[in-house]
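Okay, structure first, notes after.
Rule-based calculations on the coordinates, nothing more; no lab input. Source: prediction; values computed, not measured. In this analysis, Cβ positions are derived from the backbone assuming ideal geometry, glycine residues included, and neighbour counts consider all displayed protein chains.
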Amino acid sequence: MGIELAEREDGAPGFIKLKSPYSEFEEYEILQDFPFKSETKRMGIIIRHRLSNKLIFYVKGADTAMVEMVKPSQRSSCKEHCEYLALEGLRTLVITQRLLRESEYEEFEKKLTLAKADISDDKEQLIQKVIESLEHEMEFLCVTGVEDKLQEDVLKTIETLRQAGI
């Protein structure tokens, strides 16, 4: 599978071109990009599939931040997968998606533009609130498990804390 990014004039990616395992290319226009923030423990992107015109909102983040965003009918499955990987000693990241209606995206874009233009001290909170307005009823796609090398004596420290009832 190949990936190709094309930049806009401002240097931000304008579209993604993916090569499928069947050697077919699919293009996606990048409409919004929400970088990772340690406060929210997640990141997201809104893209438009050029051929079908579908709007897709993807969010990836720590399971603690993501489980409540997932559709209620999929939460137990999401938690189960996260717990399984965590028991293997892996740090988990949940990946979700949500298809957006054109009207829903247009309304979101207006609100986001207003929040970004705000000059108050609450600007970042306003922007985050607008983004969070889309972060519900997300479709659970998968969980990834990443090996996170522990520093020396961390396992011993964790065991000591457990024995102390902490």
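Odds and ends about this structure:
- Criterion violated by Thr92 - all others in (1) free of Cβ contacts under 8 Å to residues at least 60 places away in the same chain; (2) assigned to a helix (DSSP H, G or I); (3) β-branched (Val, Ile, Thr) satisfied: (2)
- The lone exception for Lys41 - which of (1) exposed (fewer than 12 other Cβ atoms within 10 Å of the Cβ); (2) under 11 Å from the mean Cα position of the chain (by Cα) it fails: (1)
Quick grid of which residues meet (1) closer than 17 Å to His136 by Cβ; (2) assigned to a strand (DSSP E or B); (3) of a type in the set (Asp, Glu):
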position: Pro21; (1), (2), (3): no, no, no
position: Glu26; (1), (2), (3): no, yes, yes
position: Ile47; (1), (2), (3): no, yes, no
position: Ile56; (1), (2), (3): yes, yes, no
position: Lys60; (1), (2), (3): yes, yes, no
position: Ala65; (1), (2), (3): yes, no, no
position: Cys82; (1), (2), (3): no, no, no
position: Gln97; (1), (2), (3): yes, yes, no
position: Glu109; (1), (2), (3): no, no, yes
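- The residues in the stretch 126-146 that are assigned to a helix (DSSP H, G or I) and surrounded by 13 or more Cβ atoms within 10 Å (Cβ to Cβ) can be counted, and the count is 5.
- Within the stretch 67-80, the set of residues being assigned to a helix (DSSP H, G or I), hydrophobic (A, V, I, L, M, F, W, C) and either free of Cβ contacts under 8 Å to residues at least 12 places away in the same chain or closer than 30 Å to Asn53 by Cβ (or both) comprises Met69, Cys78.
- Boolean, Lys156 is outside any loop (DSSP other than H, G, I, E, B), within 15 Å of Arg42 (Cβ to Cβ) and out of contact with any strand residue (DSSP E or B) (no Cβ under 9 Å at 6 or more places or on another chain): no
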